[in-house]
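K.L.:
Let me begin by handing over the structure; questions about it come next.
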Amino acid sequence: MATSPSSSFGSTLVLCLIIASLITPNSSNYLSDMCIRSKSPRFCLQVFGRNPHRRPYQLTQEAINLALTNGSETTFKIYTLIDQTKDGNLIVIYNLCLNYYQAAIDVLKHTDEDYLKKGLYNNVNEVGKLVEQDALFCENAFQTIPGYVSTLTKDNENFGIFGSIIVSAAGLFNSLSFKK
Ligand SMILES: *[C@@H]1O[C@H](CO)[C@@H](O)[C@H](O)[C@H]1NC(C)=O
């Protein structure tokens, strides 16, 4: 794979962030712990990288909110795509995707209040898995009808990664209680 200047800049940035977090005297590298266990550490550090000193609780909350915003934006995008096509098959696929995204969004909206604030980290973990699963279901919906290629691959990928970040953020709490 050829490395474009922007991706090598991205890799350098990620490397710097990892090194910076490793040499930080405050030994709690929650951000890098969370990102390294996610599906794409690089994406994770680019999205969360601005302030490395955040507690696991705050990181989890941010992961939930970012997944919510990202999923909602994709939902709007799908509505726009539906408006722009007359292809009945595509409309069926887009409606399937809307259902998957809406199901994930409905749960994400209540995750902070119902699970995180109550310390129900296993449930937070399940929400992350659900987000990953719904992203995959939408991507797979395009394969149900021969000849169709997903127009939402990047969006599904992003949503799936946010799901994996929620899973790894929830996992931080387990590893923390282990240390005690
Ligand atoms: C989701 O988040 C990623 C990373 O910040 C961003 O690149 C992407 O454009 C977002 N997706 C939508 C649909 O806004």
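Only the coordinates and a few stated rules stand behind these numbers; no lab work does. Model, not experiment: these values are computed from the prediction. All Cβ positions, glycine included, derive from the backbone under ideal geometry; neighbour counts span all protein chains shown.
K.L.:
Which of PHE142, ASN174, ASN122 sits farthest toward the positive end of the charge dipole of the chain, with +1 on the Cβ of Lys and Arg and -1 on the Cβ of Asp and Glu?
P.N.:
About the Cα centre, the residue reaching furthest to the positive side is ASN174.
K.L.:
Would you mind classifying the chain by shape? Square roots of the alpha carbon gyration tensor eigenvalues, ordered a ≥ b ≥ c; an a/c under 1.5 is rounded, otherwise it is prolate if a/b is larger than b/c and oblate if not.
P.N.:
Oblate is the answer for the chain, as a/c is 1.5 or above yet b/c matches or exceeds a/b.
K.L.:
Moving on. Which whole-Hz couplings ³J(HN,Hα) result when phi for each residue of region 155-161 is put into the Karplus expression 6.51 cos²θ - 1.76 cosθ + 1.60, θ = phi - 60°, listed in order with x for Gly and Pro?
P.N.:
The phi angles translate into 5, 5, 4, 4, 4, x, 5 Hz.
K.L.:
Counting pairs on different chains as well as pairs 8 or more places apart, how many Lys pairs in the chain have Cα atoms under 18 Å apart? Can you show the working numbers first?
P.N.:
Details: LYS39/LYS129; LYS39/LYS154; LYS77/LYS86; LYS77/LYS154; LYS109/LYS117; LYS109/LYS118; LYS109/LYS129.
Summing the qualifying lysine pairs gives 7.
K.L.:
Quick one: net charge around ASN156, please, counting Lys, Arg +1 and Asp, Glu -1 for every other residue with C-beta under 11 Å from its C-beta. Working shown, then result.
P.N.:
Values: positive: LYS154; negative: GLU132, ASP134, GLU139, ASP155, GLU157.
Value of the local net charge: -4.
K.L.:
Continuing with this model, one more query. Counting alpha carbon pairs within less than 8 Å and at least 6 residues apart, what relative contact order, in whole percent, applies to region 27-178? Could the numbers behind the result be given before it?
P.N.:
Values: 173 pairs, mean separation 49.8, N = 152.
This gives 33 percent for region 27-178.
K.L.:
Quick one: if the Förster radius is 22 Å, what FRET efficiency do ILE36 and LEU120 give, using the C-beta to C-beta distance and rounding to 0.05? Present the calculation step by step, with values, prior to reporting the outcome.
P.N.:
On the way: r = 24 Å, r/R0 = 1.10.
Given R0 = 22 Å and the Cβ-Cβ separation, E is 0.35.
K.L.:
For a protection proxy built on the mean count of beta-carbon atoms within 10 angstrom, sort 111-119, 123-131, 156-164 highest first, please.
P.N.:
Ranking the peptides 111-119, 123-131, 156-164 by packing returns 156-164, 123-131, 111-119.
K.L.:
While we're here: Place a +1 charge on the Cβ of each Lys and Arg in the chain and a -1 charge on the Cβ of each Asp and Glu, then give the dipole magnitude about the Cα centre in debye, rounded to the nearest 20.
P.N.:
Working: 15 positive and 15 negative charges, 143 e Å.
Rounded to the nearest 20 debye, it is 680 debye.
K.L.:
Here is a follow-up. Taking the Cα centre of each part, how many Å lie between region 130-164 and region 44-67?
P.N.:
Comparing the Cα centres of region 130-164 and region 44-67, I get a distance of 23 Å.
K.L.:
Relative to the longest principal axis of the chain, what angle (0 to 90°, nearest 10) does the C-alpha long axis of helix 121-141 take?
P.N.:
The answer is roughly 30 degrees.
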